[in-house]
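Enquirer: Have a look at this one before I ask anything.
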Amino acid sequence: MLDLKTYAPPRITPLPFIAYTKHFTRAIGVAAGESDDAFDADALVAEYGSPLFVVSERRLRADFRRFLDAFSDPNVDTRVAYSVKTNYLPAVCAIVRSEGAWAEVVSGMEYDLARSLGFGPHEIVFNGPHKTRAELERALGEGALVNVDHFAELDAVEQIAATLARPARIGLRVSFHFGAMPWTKFGFSDDNGDSQRALERIARNPRLRLEMLHNHCGTFVLVHSLYATAADRLVALAKRARALGLAPRMVDFGGGYPSSNVLRPEYDLAGGSLREGDFWSPYAREICSRLGKAKDLFGGRPTLVLEPGRAVVDACTQLLCSVVATKSIDRSEDAVILDAGVNLVPTACYYDHRVSRAAGSAGASYQRHRPVSVFGPLCMQSDRLRESATLPALRTGDLVRISHVGAYCHTMSMQFIQTRPATVLIGPEGPELIRRRETWRDVFRLDELPSRLRGDGCSF
Ligand SMILES: Cc1ncc(COP(=O)(O)O)c(C=O)c1O
């Protein structure tokens with residue numbers, strides 16, 4: 001007897017279409033690692049609306065610790081002064097504070113926020129090219145460290161220091177001309193002698209206590225040797241400071257360390273770059289080895305201060321948003337329109353944020369993928385989150401995830417045309433609302449309409 005099996009007709013399952021060009025492979029291949037927090041995206045959006053920012057506390061803490069570990073070295077005492085402007089959601093700042101971070105602030109608004117969250121004055125580094133007289137008085141009076149940026153500020157700091165009971169705690173921010181896009185706007189130029197003139201003035205004033213030398217050399221710096229140059233320059237500066245009788249013990253290298261985000265090709269190294277594993281360690285080695293060799297200049301083991309922004313907060317946040325429409329453009333290009341665009345993700349001008357379907361039918365990954373332009377809701381052609389994102393077929397109402405939007409998206413988001421969405425933190429006990437959704441009333445809360453302009457029917 002023949003053992004006949006039941007006939008099953010053959011099935012053809014299309015595999016994802018993968019275009020191996022330098023632009024498309026990365027859109028498919030990056031393991032974002034943000035989705036291992038268990039939460040129901042559909043349920044969250046049903047409760048808090050779309051779009052919706054979702055912050056992973058687990059990922060934020062893990063990235064903070066990884067960063068601190070990478071820069072921990074027996075030669076130095078390492079401190080992370082989190083760059084508050086990168087993401088000043090109070091919950092985010094409170095989480096990094098609970099990990100032991102100091103706060104790096106660049107305005108009175110950020111200073112007040114940091115103090116209200118419990119950062120002590122000694123845990124605040126005050127940077128930036130514009131600090132008002134009142135802000136300087138408060139910070140210096142409370143004992144925060146102010147990194148002096150220019151001679152006009154040094155004038156003000158000297159005047160305020162003359163009124164204080166204790167010497168004012170200051171640092172000197174310097175700039176060097178190096179790299180393709182040198183950050184020369186900030187601090188005293190170390191190339192034209194201004195840094196030396198500032199040191200000499202500080203050395204003559206017993207009301208000033210120079211505690212820190214500071215340089216911030218750029219942002220998303222892909223070439224770690226830039227920090228080697230910065231370290232050499234700061235060590236040379238420390239030598240000159242010591243010769244003048246000054247004794248700074250802290251060296252601050254600012255921020256600029258890259259995250260695991262993906263740069264647009266025009267900002268990336270030729271051929272693209274990937275950051276995997278322990279990618280901050282080469283930066284740490286350049287800095288720590290040089291400071292270790294120069295420790296006598298600092299009267300012993302120096303304090304290394306780092307001000308990371310995107311390195312710590314980029315990857316912990318995703319934006320859930322909805323497909324509003326699908327289109328075909330110029331016969332050749334597919335497009336989707338989402339309810340979130342560059343108003344919420346301004347970083348799309350230099351990042352290729354990973355875009356993926358957040359939830360959907362089983363088997364979605366077997367659908368044919370194709371390059372799609374991803375547009376936002378604004379009335380501007382330039383409101384495009386991605387060119388040629390490789391996506392499965394999307395339908396109106398589908399939920400989409402934009403990854404790695406934790407840095408500079410909340411703080412630089414716009415109320416242009418659209419209100420801003422809610423933000424939910426996925427904490428150890430599940431989702432918690434940390435910013436409620438804006439209403440049109442929130443946007444216009446500060447406006448006044450003179451009574452003579454109130455016409456019939458006006459209820460503003
Ligand atoms: C002085 C200073 N510190 C820290 C940062 C944070 O930079 P990033 O987000 O690139 O780490 C910046 C950003 O511009 C900065 O200007």
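The values are calculated or read from the model by the stated rules, or taken from the named source; none is laboratory data. In this text the structure is predicted, and so the values were computed from the model without any measurement. Positions of Cβ are generated from backbone atoms using ideal geometry, with glycine treated the same way; all protein chains shown enter the neighbour counts.
Matching residues to (1) within 15 Å of Val251 (Cα to Cα); (2) at pLDDT 95 or above; (3) outside any strand (DSSP E or B); (4) in contact with a His (Cβ under 8 Å, 6 or more places away or on another chain):
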site: Arg173; (1), (2), (3), (4): yes, yes, no, yes
site: Gly179; (1), (2), (3), (4): no, no, yes, no
site: Pro182; (1), (2), (3), (4): no, no, yes, no
site: Asn192; (1), (2), (3), (4): no, yes, yes, no
site: Arg197; (1), (2), (3), (4): no, yes, yes, no
site: Arg201; (1), (2), (3), (4): no, yes, yes, no
site: Arg209; (1), (2), (3), (4): yes, yes, no, no
site: Met212; (1), (2), (3), (4): yes, yes, no, no
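Enquirer: Suppose we keep only residues that are within 29 Å of the chain's Cα centre (by Cα) and of a type in the set (D, E, K, R) within region 226-239. Which one would you say is nearest to the ligand (Cβ to nearest atom)?
Expert: Arg233
Enquirer: What about Tyr257, is it within 14 Å of the ligand (Cβ to nearest atom), in a helix (DSSP H, G or I) and not assigned by TED's automatic domain parsing to the domain that holds Val405?
Expert: For Tyr257, the condition - within 14 Å of the ligand (Cβ to nearest atom), in a helix (DSSP H, G or I) and not assigned by TED's automatic domain parsing to the domain that holds Val405 - is not met.
Enquirer: Tell me which residues, restricted to region 143-196, are touching a Phe, Trp or Tyr at 6+ places or on another chain (Cβ under 7 Å) and more than 19 Å from Gly108 (Cβ to Cβ).
Expert: The answer is Leu172, Val174, Ser175, Asp190, Asp191, Asp194, Ser195.
Enquirer: May I ask you to list the residues in region 305-339 that are within 16 Å of the ligand (Cβ to nearest atom) and either of a type outside the set (A, V, I, L, M) or in contact with a Leu (Cβ under 6 Å, 6 or more places away or on another chain) (or both)?
Expert: Glu307, Pro308, Gly309, Arg310, Asp314, Cys316, Thr317, listed by residue number.
Enquirer: Can you name the residue in region 83-122 that is within 16 Å of the ligand (Cβ to nearest atom), part of a helix (DSSP H, G or I) and of a type in the set (D, E, K, R) and is also nearest to Arg61 (Cα to Cα) among such residues?
Expert: So, considering only residues that are within 16 Å of the ligand (Cβ to nearest atom), part of a helix (DSSP H, G or I) and of a type in the set (D, E, K, R), the one nearest to Arg61 (Cα to Cα) is Lys85.
Enquirer: Pairs under 6 Å by beta carbon, first residue assigned by TED's automatic domain parsing to the domain that holds Arg242 in region 199-221, partner basic (Lys, Arg), six or more apart or different chains?
Expert: Short answer, once both residue conditions are applied: Arg209/Arg169; Glu211/Arg169; His214/Arg173.
Enquirer: Moving on. When only residues in region 136-159 that are in contact (Cβ under 8 Å) with a residue 40 or more places away in the chain and over 22 Å from the mean Cα position of the chain (by Cα) count, which is farthest from the ligand (Cβ to nearest atom)?
Expert: Glu158
Enquirer: Scanning for something in a helix (DSSP H, G or I), buried (at least 22 other Cβ atoms within 10 Å of the Cβ), among the hydroxyl-bearing types (Ser, Thr, Tyr) and within 15 Å of the ligand (Cβ to nearest atom), does region 269-289 turn up at least one residue?
Expert: For region 269-289, residues in a helix (DSSP H, G or I), buried (at least 22 other Cβ atoms within 10 Å of the Cβ), among the hydroxyl-bearing types (Ser, Thr, Tyr) and within 15 Å of the ligand (Cβ to nearest atom): present.
Enquirer: Determine if region 363-376 includes at least one residue that is surrounded by fewer than 20 Cβ atoms within 10 Å (Cβ to Cβ) and free of Cβ contacts under 8 Å to residues at least 24 places away in the same chain.
Expert: yes
Enquirer: Let me ask another. Could you list, in sequence order, the residues of region 187-225 that are surrounded by fewer than 20 Cβ atoms within 10 Å (Cβ to Cβ) and either within 30 Å of Gly272 (Cα to Cα) or within 12 Å of the ligand (Cβ to nearest atom) (or both)?
Expert: Across region 187-225, the qualifying residues are Gly218, Thr219, Leu222, Val223, His224, Ser225.
Enquirer: One residue is enough: does region 150-157 have a residue meeting the conditions over 28 Å from Val96 (Cβ atoms), outside any helix (DSSP H, G or I), in the same structural domain as Leu306 (by TED's automatic domain parsing) and of a type in the set (Phe, Trp, Tyr)?
Expert: No, region 150-157 has no match at all.
Enquirer: Taking only region 37-69 into account, find how many residues are of a type in the set (A, V, I, L, M) and either in contact (Cβ under 8 Å) with a residue 24 or more places away in the chain or buried (at least 22 other Cβ atoms within 10 Å of the Cβ) (or both).
Expert: 8
Enquirer: Filter region 123-135 for residues that are assigned to a loop (DSSP other than H, G, I, E, B) and away from the ligand (no atom under 16 Å from the Cβ) and give the result.
Expert: Thr132
Enquirer: Tell me, yes or no, whether region 288-304 has at least one residue that is out of contact with any helix residue (DSSP H, G or I) (no Cβ under 9 Å at 6 or more places or on another chain) and of a type in the set (A, V, I, L, M).
Expert: Taking every residue of region 288-304 in turn, none turns out to be out of contact with any helix residue (DSSP H, G or I) (no Cβ under 9 Å at 6 or more places or on another chain) and of a type in the set (A, V, I, L, M).
Enquirer: Another question, if that's okay. Out of (1) assigned to a helix (DSSP H, G or I); (2) within 30 Å of Ile434 (Cβ to Cβ), what's the single condition that is false for Val80?
Expert: Checking Val80 against (1) assigned to a helix (DSSP H, G or I); (2) within 30 Å of Ile434 (Cβ to Cβ), the one that fails is (1).
Conditions (1) of a type outside the set (Lys, Arg); (2) within 30 Å of the chain's Cα centre (by Cα), marked per residue:
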residue: Arg197; (1), (2): no, no
residue: Arg201; (1), (2): no, no
residue: Cys217; (1), (2): yes, yes
residue: Ala241; (1), (2): yes, no
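Enquirer: Count, please, the residues in region 160-186 that happen to be among the aromatic types (Phe, Trp, Tyr) and more than 13 Å from the ligand (Cβ to nearest atom).
Expert: Qualifying residue count for the region: 2.
Enquirer: Can you tell which of Val262, Val251 is crowded, with 17+ Cβ neighbours inside 10 Å, under 30 Å from the mean Cα position of the chain (by Cα) and farther than 24 Å from Lys293 by Cα?
Expert: Val262
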